[in-house]
1. Looking at residue 180, is it free of Cβ contacts under 8 Å to residues at least 60 places away in the same chain, part of a loop (DSSP other than H, G, I, E, B) and under 17 Å from the mean Cα position of the chain (by Cα)?
2. Show the residue pairs that are 6+ apart or on different chains and have beta-carbon atoms under 7 Å apart, the first residue being within segment 12-25 and surrounded by 14 or more Cβ atoms within 10 Å (Cβ to Cβ), the second being in a helix (DSSP H, G or I).
3. Going through segment 63-75 one residue at a time, which ones are within 18 Å of residue 35 (Cα to Cα) and touching a strand residue (DSSP E or B) at 6+ places or on another chain (Cβ under 7 Å)?
4. In segment 213-233, how many are over 15 Å from residue 187 (Cα atoms), in contact with a strand residue (DSSP E or B) (Cβ under 9 Å, 6 or more places away or on another chain) and not in a strand (DSSP E or B)?
5. Provide a single number: the residues in segment 188-210 that are under 15 Å from residue 153 (Cα atoms) and either in contact with a helix residue (DSSP H, G or I) (Cβ under 6 Å, 6 or more places away or on another chain) or assigned to a strand (DSSP E or B) (or both).
6. Among 130, 175, 210, which is within 16 Å of the chain's Cα centre (by Cα), surrounded by fewer than 24 Cβ atoms within 10 Å (Cβ to Cβ) and free of Cβ contacts under 8 Å to residues at least 60 places away in the same chain?
7. What do you reckon, is residue 165 within 12 Å of the chain's Cα centre (by Cα) and surrounded by fewer than 20 Cβ atoms within 10 Å (Cβ to Cβ)?
8. Restricting segment 32-45 to residues that are touching a strand residue (DSSP E or B) at 6+ places or on another chain (Cβ under 7 Å) and closer than 19 Å to residue 65 by Cβ, which is surrounded by the most Cβ atoms within 10 Å (Cβ to Cβ)?
């Protein structure tokens with residue numbers, strides 16, 4: 001349950017939070033806003049580092065450039081929130097609702113987004129290196145030029161997502177659903193795509209060198225000029241796929 005005093009401070013905005021932290025700096029204070037209703041609050045640039053925000057309602061909030069590093073946002077409502085350029089590194093967002101949120105250029109390195117709802121989010125240029133996205137729902141999301149290197153996306157839903165230019169190097173996409181996703185010039189070298197569903201996916205110019213595609217479904221996929229050198233294609237379904245200019249040999 002949220003601390004009522006903390007809720008009032010946060011409702012006053014960034015300056016009030018800064019003053020509160022300054023007054024208690026020797027105690028390294030942490031905000032407890034768990035379960036609080038803060039819909040549409042203005043917190044651009046606010047320092048919410050290491051705060052307790054589980055089940056908080058921050059739908060539609062302006063949190064551009066806010067610092068939420070290592071904060072607990074489990075099952076929080078962040079639907080439609082502006083989190084562009086926010087620092088969410090190492091934050092726990094497992095089960096959080098982020099449908100339609102703006103995460104442009106956000107820092108989400110090592111964040112926990114296990115089973116989070118990221119449908120139709122805008123994440124262009126965001127850094128999710130090493131993030132946990134197991135079972136996350138990213139249907140229709142725009143992840144253009146996002147860093148997902150070494151991220152865990154096992155069984156994630158990425159249907160119709162825009163993933164052009166994404167860095168998936170060494171990412172784990174085992175069992176992920178990428179049906180009709182756009183992966184133009186994506187870097188999937190060394191990625192684990194075992195049993196992934198890439199039906200009708202657009203992999204035009206994608207780099208799949210050294211990727212593990214065992215049992216993957218690439219039926220009707222566009223692999224025009226894709227690089228599949230040293231790729232494990234055991235049991236892959238390629239019926240109807242466009243393989244024009246695809247590189248298979250060294």
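1. Working: free of Cβ contacts under 8 Å to residues at least 60 places away in the same chain: yes; part of a loop (DSSP other than H, G, I, E, B): yes; under 17 Å from the mean Cα position of the chain (by Cα): no.
When the stated conditions are applied, residue 180 does not pass them.
2. 16/9; 17/9; 17/10; 20/9
3. 63, 68, 72, 73, 74
4. The number of residues fulfilling the criteria is 7.
5. Summing the residues that are under 15 Å from residue 153 (Cα atoms) and either in contact with a helix residue (DSSP H, G or I) (Cβ under 6 Å, 6 or more places away or on another chain) or assigned to a strand (DSSP E or B) (or both) in segment 188-210 gives 2.
6. On the way: 175 fails: within 16 Å of the chain's Cα centre (by Cα); 210 fails: within 16 Å of the chain's Cα centre (by Cα).
Going through 130, 175, 210 in turn, the sole match is 130.
7. In short, no.
8. If we take residues in segment 32-45 being touching a strand residue (DSSP E or B) at 6+ places or on another chain (Cβ under 7 Å) and closer than 19 Å to residue 65 by Cβ, then 33 is surrounded by the most Cβ atoms within 10 Å (Cβ to Cβ).
The values are calculated or read from the model by the stated rules, or taken from the named source; none is laboratory data. Bear in mind the structure is a predicted one, so any value in this text is a computation, not a measurement. For neighbour counting, all protein chains shown are included, and Cβ atoms are generated from backbone atoms with ideal geometry for every residue, glycine included.
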